[in-house]
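**Q** Pasting a structure here, questions to come.
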Amino acid sequence: MSSKSAVRSIAVVGAGPGGLYLAISLKLRDPSLDVVVHERNRPDDTFGWGVVFSDQTLANLKANDPETAAIIEAAFVHWDDIDIHIHGQTIRSGGHGFAGIGRQRLLTILQERARSLGVDLRFQSEVADIRALPADVIVAADGLNSRIRNDNPEVFGVDVDVRTNKYIWLGTKQSFDAFTFAFFETPHGWIWAHAYQFESGASTFIVECSEATWRGLGFDAMDQDQTCRAAEALFADWLGGHALMSNARHLRGSAWLNFPRVACSNWRDGKVVLLGDAAHTAHFSIGSGTKLAFEDAIRLAETLTEADDLEAGLAAYEAERRVEVLKLQSAARNSTEWFETVDRYVGLDPLQFTYSLLTRSQRVSHENLRLRDRSFLTGVERWFAANAGAPSTDNPPPPMFAPLKLRGLTLPNRVVVSPMCMYSAEDGLVSDFHLVHLGSRALGGAGLVFTEMTDVSADARITPGCAGMYRPEHRDAWARIVDFVHGQGSRIAIQLAHAGRRGSVERPWGPRADKPLADGWALVAPSPLPWSDEDQTPHEMTRADMDRVRDDFVRATRWADEAGFDMVELHCAHGYLLSSFLTPVSNHRSDAYGGSVENRLRYPLEVFAAMRAVWPEEKPMSVRISATDWVDEGLTPEDSVAIARAFAGAGCDLIDVSAGSTTPDAQPIYGRMFQTPFSDRIRNEAGVATMAVGNIYETDHVNSILAAGRADLCALARPHLADPNWSLRAAAELGWRGQMPPVQYLAGFGQLARNLEKQQQAGPV
């Protein structure tokens, strides 16, 4: 199979949409090919009801096969609107561009088109041994429960993640003029429907809930007919007297399922190639299963008919499609988790709940919603601004430019310069460098500027270059910076910390970057565990050590107030001293300060309470935590919710939610806004304001996070290193004139705003 001519026959196992569309695409490209499709069921057997296409999917079909696309399009039911029903309210958002078609109608169209092109369709054809099929290439398109894949899980590297929610795929003759989400609260928890019309007088009606709700409602003891009748009663307000129906008689019992997310590390085994759901699945809540299968089919058909080197071509097919699949599966995971944790969001205002639902997958952003439905988004922004205490106006600010009040402190906007170590102090003393560094970010429009990690004693530093607050001179140097930041209209917070076992190392540059100091200082930690094999072993803190360190934090807090800081943050993240108490990775104590979460919390809470006692009542305090250790047997997100609740109960006003960096063994899962889900969970489960941080770098990221209620502030580190004027640039980009630069910079800002407006009007080049 080293040339095009070597592939003359293709056997496709499975006559679902993916398998049929592959056969069509192959014949369109090379009519001489021998293409046989084997299907174990009859031609008119189908399970499920409707299939949803986006406008983009239809465009892909038109480019590949205009004739088939035209037939499919003629059978579509189109809609632009999404309706969300919750708490007796209906919120509608438009401009979403979807279409539905009955699954049976779609299959009939594809079958007829395939036959017209000369494809050999063999129904009720059970293939016992696929490798015995007389074909050069065999394509496994046998769906979610692929026998071909499941018979060889080790070969294909099959990974199946069975999700927690229960769902059932039903149909009804009720018509919906919008894609409908209907949420209903029962005595046993929330249950909801995903409903959409796929042909005149027929709609898909997927019912979903948690397993606890499912059992509480008795669905676990019902057959399919009983399930339909019970669901009819629950959703009577939306069904208009129409019945619910199941066409899943092939499934035993009630036909309720748990969705399996399927991923394969290898899509090929010799001449066998996986396609569609056999290779990967995406949760039904983003409606992309058929889309992925069609796009797989197009690319595989190109490979099988055009590749000079088949092996290289198939490798390229898998590599290319894997990227797109991973994107969709990532979005699907976000969507799945949103529905699995819907209890977290049902307390939101219905408008914010709707926004959260629409943006749940991260495929739809704030500005994308503006393009789809400007009126809806303006309503969200107006609601957000009103709740933030901004003046009422027809032109509300984007969420990032809405104020935030924490105790007696009002931030002018919600963009934060994240704490970033500069390693440029001398014996803890900050200098002109720090004045220019932090002052320029205030000039750049950030609502809140954080100092770098500022250590409460000389032996609390990470490196000799770390900033400090342990001598009166430190207080006075910081006061100069505070005054300048205030003069630019920004607010400033100090982050107080103790490095613990991560201390006494070289600055993170040069030939000995991060290596232990040759003549460093002794370290303390909750347990005598070095950060790494080459780092110094700290001694286990005694009660006297704890008292001394606590008092160091208290002194630094008093001086922070005297310096004029607006807020103080206690650093309990990233493996530093107090973080080391919180995580079982580094806290192996057997006394009252080790063991349970409550015990591991004890000392950090003591320190916080002592700081709170000397910090002015009208000024807020925050705590930075690592919400997970990213290792097995480490700190969990559940632990972090409990930790956040405890600090909030002690007078903390804001949880700064980071993650990881508590052990060199951490295995983070990176991506856009990758730590934001932890902020979301803590905010909406612990009921405390949060600050999101971690790979947030676009205005869309910030506005989407804030508007959805996933955080109250967004901290950006690297973007502010690259551009001190990030906030002003964002205002210019968004056309927001409520965030103005210093008068000295007005001309430059005005030109930037005009140029950006021209670029937007011109569109992509």
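The values are calculated or read from the model by the stated rules, or taken from the named source; none is laboratory data. Note that the structure is predicted; figures quoted are calculated from it, not measured. No Cβ is skipped: glycine too gets one built from the backbone with ideal geometry, and neighbour counts run over all protein chains shown.
**Q** Given the criteria of a type outside the set (S, T, N, Q) and either at positive phi or outside the structural domain of residue 497 (by TED's automatic domain parsing) (or both), does residue 651 qualify?
**A** It is true that residue 651 is of a type outside the set (S, T, N, Q) and either at positive phi or outside the structural domain of residue 497 (by TED's automatic domain parsing) (or both).
**Q** In the set 423, 470, which member is crowded, with 16+ Cβ neighbours inside 10 Å, of a type in the set (Ser, Thr, Tyr) and at positive phi? Break it down stepwise before answering.
**A** Details: 470 fails: at positive phi.
That would be 423, the only listed residue that is crowded, with 16+ Cβ neighbours inside 10 Å, of a type in the set (Ser, Thr, Tyr) and at positive phi.
**Q** Evaluate the following for residue 340: is it on the phi < 0 side of the Ramachandran plot, surrounded by fewer than 20 Cβ atoms within 10 Å (Cβ to Cβ) and not hydroxyl-bearing (Ser, Thr, Tyr)?
**A** Criteria met by residue 340.
**Q** Here's something else I'd like to know. Residue 427 - would you say it is touching a Leu at 6+ places or on another chain (Cβ under 9 Å), in contact (Cβ under 8 Å) with a residue 12 or more places away in the chain and either acidic (Asp, Glu) or not assigned by TED's automatic domain parsing to the domain that holds residue 480 (or both)?
**A** Answer is no for this residue.
**Q** In this structure, is residue 380 under 30 Å from residue 334 (Cα atoms), touching a residue at least 40 places away in the same chain (Cβ under 8 Å) and buried (at least 18 other Cβ atoms within 10 Å of the Cβ)?
**A** Answer is yes for this residue.
**Q** Considering each residue of region 214-249, count those that are under 17 Å from residue 191 (Cα atoms) and charged (D, E, K, R), and give that number.
**A** Count: 5.
**Q** Hey, another quick one. Please enumerate the residues belonging to region 499-517 that are out of contact with any Lys or Arg (no Cβ under 9 Å at 6 or more places or on another chain) and closer than 16 Å to residue 459 by Cβ.
**A** Those that are out of contact with any Lys or Arg (no Cβ under 9 Å at 6 or more places or on another chain) and closer than 16 Å to residue 459 by Cβ: 500, 501, 502, 516, 517.
**Q** What is the residue count in region 257-271 for residues that are part of a strand (DSSP E or B) and surrounded by 14 or more Cβ atoms within 10 Å (Cβ to Cβ)?
**A** The initial filter retains those residues of region 257-271 that are part of a strand (DSSP E or B), namely 257-264, 268-269.
Right, trim to surrounded by 14 or more Cβ atoms within 10 Å (Cβ to Cβ) and you get 257, 259-264, 268-269.
Looking only at that region, the number is 9.
**Q** Please go through region 62-98 and pick out each residue that is more than 24 Å from the chain's Cα centre (by Cα) and on the phi > 0 side of the Ramachandran plot.
**A** Within region 62-98, 87, 88 meet the criteria.
**Q** Checking the structure you have, find out if any residue of region 656-674 is under 14 Å from the mean Cα position of the chain (by Cα) and not in a loop (DSSP other than H, G, I, E, B).
**A** No: region 656-674 contains no residue that is under 14 Å from the mean Cα position of the chain (by Cα) and not in a loop (DSSP other than H, G, I, E, B).
**Q** Residues 747, 730, 711, 753: which one is in a helix (DSSP H, G or I), of a type in the set (Gly, Ala, Ser) and under 19 Å from residue 377 (Cα atoms)?
**A** That would be 730, the only listed residue that is in a helix (DSSP H, G or I), of a type in the set (Gly, Ala, Ser) and under 19 Å from residue 377 (Cα atoms).
**Q** Name every residue in region 582-600 that is closer than 18 Å to residue 543 by Cβ, of a type outside the set (Phe, Trp, Tyr) and part of a loop (DSSP other than H, G, I, E, B), in order of residue number.
**A** If the condition is that a residue be closer than 18 Å to residue 543 by Cβ, of a type outside the set (Phe, Trp, Tyr) and part of a loop (DSSP other than H, G, I, E, B), then 587, 588, 589, 590, 591, 592, 594, 595 are the ones that fit.
**Q** Please work out which residue is nearest to residue 394 (Cα to Cα), limiting yourself to region 701-738 and to residues that are of a type in the set (D, E, K, R) and more than 20 Å from the chain's Cα centre (by Cα).
**A** 737
Here is a yes/no grid of residues against (1) of a type in the set (A, V, I, L, M, F, W, C); (2) surrounded by 24 or more Cβ atoms within 10 Å (Cβ to Cβ); (3) assigned by TED's automatic domain parsing to the domain that holds residue 409:
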{"residue": "615", "(1), (2), (3)": "yes, no, yes"}
{"residue": "631", "(1), (2), (3)": "yes, no, yes"}
{"residue": "635", "(1), (2), (3)": "yes, yes, yes"}
{"residue": "659", "(1), (2), (3)": "yes, yes, yes"}
{"residue": "692", "(1), (2), (3)": "yes, yes, no"}
{"residue": "704", "(1), (2), (3)": "no, yes, no"}
{"residue": "707", "(1), (2), (3)": "yes, yes, no"}
{"residue": "719", "(1), (2), (3)": "no, no, no"}
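**Q** Within the group 49, 79, which residue is buried (at least 20 other Cβ atoms within 10 Å of the Cβ) and in contact with a helix residue (DSSP H, G or I) (Cβ under 9 Å, 6 or more places away or on another chain)?
**A** 49
**Q** Of everything in region 181-198, what is surrounded by 15 or more Cβ atoms within 10 Å (Cβ to Cβ) and out of contact with any His (no Cβ under 7 Å at 6 or more places or on another chain)? Give them in sequence order.
**A** 184, 188, 189, 190, 191, 192, 193, 194, 195, 196, 197, 198, listed by residue number.
**Q** Kindly evaluate residue 381 against the criterion of being over 34 Å from the mean Cα position of the chain (by Cα) and over 22 Å from residue 621 (Cβ atoms).
**A** Working: over 34 Å from the mean Cα position of the chain (by Cα): no; over 22 Å from residue 621 (Cβ atoms): yes.
So residue 381 does not fit the description; no.
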